[in-house]
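Take a look at the structure set out below.
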Amino acid sequence: MPAINVNPTRQELTRLKGRLKTSIRGHKLLKDKRDELMKQFMDVVRENRAVRKKVEEGLMRAHGSFTVASALMSTEMLQQSLLYPKQSVELDMTFHNIMSVNVPEYHFRTRSQNGAEIYPYGFAATSGELDDAVDALSQVFQDMLRLAEIEKTAQLLAEEIEKTRRRVNALEYVKIPQMQEAIKYISMKLDENERSNTIRLMKVKDMLLKDAIEEKRQEDRQAIEAFRSRPQAPEGI
């Protein structure tokens with residue numbers, strides 16, 4: 001018996017063959033999708049490694065400059081210098097499609113294009129290391145956004161790869177074998193029924209032939225008996 005309950009009819013056999021054909025085609029498409037997703041995922045991972053290294057180097061430079069500035073300036077002066085920023089940033093998010101996966105794209109723009117407005121303080125009472133730290137953070141900001149975008153893309157692609165892999169395995173190891181087994185079962189049942197019908201018809205034919213032969217024999221016997229029992233004409237007439 002197959003793993004799924006089926007009626008051994010020709011209509012069910014035709015339906016299962018259609019489903020099997022569709023499943024095989026879908027399995028191939030899902031495998032192609034999985035392979036392309038893996039390729040895209042590996043590209044994203046390589047880019048993530050490069051961008052993360054760049055961000056870490058930029059943050060290390062900014063942290064080092066802040067450390068030197070905090071050593072040269074008092075804590076109150078450092079906090080007061082960075083208390084009221086002059087520049088503001090607006091962040092927008094859009095999506096683009098990678099193999100049916102909508103991944104985010106981050107875009108930011110500053111209120112002013114004047115690069116000097118990243119410094120919210122006067123230069124007379126602050127150290128040059130603080131300027132270097134603010135400049136390093138300003139430069140690494142876009143790389144940090146790109147890193148966040150890449151890591152979110154990698155997460156979404158990994159989830160889609162896992163879902164696609166489960167679907168491929170379900171078709172390859174469960175659904176398609178079940179349908180193939182059901183088709184084989186129905187074909188065997190139909191062949192068995194056809195053989196049974198053929199044997200039944202042959203038996204009926206033999207019975208009819210025997211009845212016809214027996215009826216013919218009875219007719220012949222009756223004809224012979226009738227011939228023998230008919231009155232004979234007298235001799236000499």
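I'd like the carbon and sulfur percentage of the solvent accessible area for segment 149-237, probe radius 1.4 Å, heavy atoms only, ligands and nucleic acids excluded. Before the final figure, lay out the partial values.
Numbers: 3860 of 7180 Å².
The computed percentage sits at 54.
Averaged over every viewing direction, what's the projected area of the C-alpha convex hull for segment 128-217? Give it in nm², one decimal, please.
Values: hull surface 32.4 nm².
Mean shadow area of the hull around the Cα atoms is 8.1 nm².
Solvent exposure of segment 139-237 amounts to 79 Å² per residue of accessible area, where only protein heavy atoms count and the probe is 1.4 Å. Using 0.36 nm per residue and subtracting the Cα-Cα separation, the extra length available between Asp43 and Ser88 on full extension is 12.9 nm.
Computing FRET efficiency as 1/(1 + (r/R0)^6) for Ala50 and Glu159, where r is the C-beta to C-beta distance and R0 is 25 Å, gives about 0.60.
Give me the net charge for the shell around Ala212: Cβ to Cβ below 12 angstrom, other residues only, Lys and Arg +1, Asp and Glu -1. Can you show the working numbers first?
Values: positive: Lys205, Lys210, Lys216, Arg217; negative: Asp206, Asp211, Glu214, Glu215, Glu219.
Its environment carries a net charge of -1.
As a quick test, which of the pairs Lys28/Lys163; Lys28/Lys175; Lys21/Lys189; Lys31/Lys152 have an alpha carbon distance above 18 angstrom in this structure? Violating the 18 Å limit, Cα to Cα: Lys21/Lys189; Lys31/Lys152.
Solvent-accessible area assigned to carbon and sulfur over segment 1-71 amounts to 57 percent, based on a 1.4 Å probe.
Students often check this: by mean Cβ neighbours within 10 Å, which of 222-228, 173-179 ranks highest, and how do the rest follow?
Working: 222-228: 9.1, 173-179: 15.4.
Descending packing order for the listed peptides: 173-179, 222-228.
Of the residues Val44, Val55, Thr75, the one whose Cα sits farthest toward the positive end of the charge dipole of segment 7-86, with +1 on the Cβ of Lys and Arg and -1 on the Cβ of Asp and Glu, is Val44.
The values are calculated or read from the model by the stated rules, or taken from the named source; none is laboratory data. Source: prediction; values computed, not measured. Methodologically, a virtual Cβ is constructed for each residue, glycine included, from the backbone with ideal geometry; neighbour enumeration extends over all protein chains shown. We work out accessible area using only protein heavy atoms, side chains counted, and drop any ligands, DNA or RNA first. Shrake-Rupley method; radii C 1.70, N 1.55, O 1.52, S 1.80 Å.
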